[in-house]
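Each remark here refers to the structure printed beneath this line.
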Amino acid sequence: MPCMTSGAHPGRPDTVASTFPRRSYADPCAVARALDAVGERWALLVVRELSLGAQRFGQLRTGLPYVSPNVLSQRLRDLEDAGVLRRYQLDPPANTTVYELTDQGYALDPVLQALGRWGATRPVTTTREMSAVSFLRSLRVLVVPDAPDGEYGLRLDGEAFGLRFVNGTVQVTRGRPADPQATLSGDVTAVRSALLSGGSVRGLESGGSLTITGDHDAALRLPALFRVPPSA
């Protein structure tokens, strides 16, 4: 399929370089223009971390521990200049800066989902744990198509999230769901082991790394709602 060039202005000076004072492909193709905005290293992972809601700089550093503060600051500026995110100051008493995706940023969600599905078939090459957001996004990719409707809660390192299964998909939201069938609490390693890595829910609970509230039987059924493909 040929590259789309809608929006290019033949005969006008190249505006990519003036809009983005970093490296540019200087190519009118829509794919190249997209990569001018989000193609730098760490950029899409910043978008991933913000895809479930606004975060502070320190929270982004927690989710992306291998990016240096200087590089993260630059990527945030780049993405803000590109219209992908915005920054704003919280009202007192917080008085802290947070970063949030714009509508253009949230429009990248299908791109991240497609990359996640493709990446799920690739071999894992690190022993480092996923961030909470990347783990939750993986659940959206790995849900089985015949998963029954229902609502569950997850509490990852003290932060509450909701899983709502609808028509073979799962919606992930921040905050405790109103009426979850069951809630699993623990760190990302324990909950990921229970849901995606074949860990025994009962064993993790008895070992103290996982806490279950609500319907235990429903909690025991939750791992069957996800399927991890064999790695390439």
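The values are calculated or read from the model by the stated rules, or taken from the named source; none is laboratory data. On a predicted model such as this, the values are computed, not experimentally measured, just so you know. All Cβ positions, even for glycine, are placed from backbone atoms using ideal geometry, and neighbour counts span all protein chains on display.
So here's what we get for this one:
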{"quantity": "Val201 crowded, with 17+ Cβ neighbours inside 10 Å and touching a strand residue (DSSP E or B) at 6+ places or on another chain (Cβ under 7 Å)", "calculated": "no"}
{"quantity": "Yes/no for Arg33 being surrounded by 18 or more Cβ atoms within 10 Å (Cβ to Cβ), more than 20 Å from the chain's Cα centre (by Cα) and either under 30 Å from Ala160 (Cβ atoms) or at pLDDT below 95 (or both)", "calculated": "yes"}
{"quantity": "Cross-chain or 6+ apart pairs with Cβ under 6 Å, region 42-66 first and outside any helix (DSSP H, G or I), then among the charged types (D, E, K, R)", "calculated": "Trp42/Arg75; Leu52/Arg174; Gly53/Arg174; Ala54/Glu100"}
{"quantity": "Residue within region 45-68 that is charged (D, E, K, R), buried (at least 18 other Cβ atoms within 10 Å of the Cβ) and in contact with a Gly (Cβ under 9 Å, 6 or more places away or on another chain) present", "calculated": "yes"}
{"quantity": "Verdict on Ala232 being assigned by TED's automatic domain parsing to the domain that holds Asp157, modelled with pLDDT under 95 and not in a helix (DSSP H, G or I)", "calculated": "no"}
{"quantity": "Enumeration of residues in region 68-84 that are in a helix (DSSP H, G or I), among the hydrophobic types (A, V, I, L, M, F, W, C) and closer than 18 Å to Ala107 by Cβ", "calculated": "Leu79"}
{"quantity": "Complete set of residues in region 102-134 that are of a type in the set (A, V, I, L, M, F, W, C), outside any loop (DSSP other than H, G, I, E, B) and touching a Lys or Arg at 6+ places or on another chain (Cβ under 8 Å)", "calculated": "Leu112, Val133"}
{"quantity": "Any hit, region 152-169, residues being charged (D, E, K, R), at pLDDT 95 or above and not assigned by TED's automatic domain parsing to the domain that holds Arg56", "calculated": "yes"}
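Conditions tested, residue by residue: (1) out of contact with any Ser or Thr (no Cβ under 8 Å at 6 or more places or on another chain); (2) basic (Lys, Arg); (3) within 22 Å of Leu139 (Cα to Cα); (4) not assigned by TED's automatic domain parsing to the domain that holds Arg174.
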| residue | (1), (2), (3), (4) |
| --- | --- |
| Cys29 | no, no, no, yes |
| Ala54 | yes, no, yes, yes |
| Arg77 | yes, yes, no, yes |
| Leu101 | no, no, yes, yes |
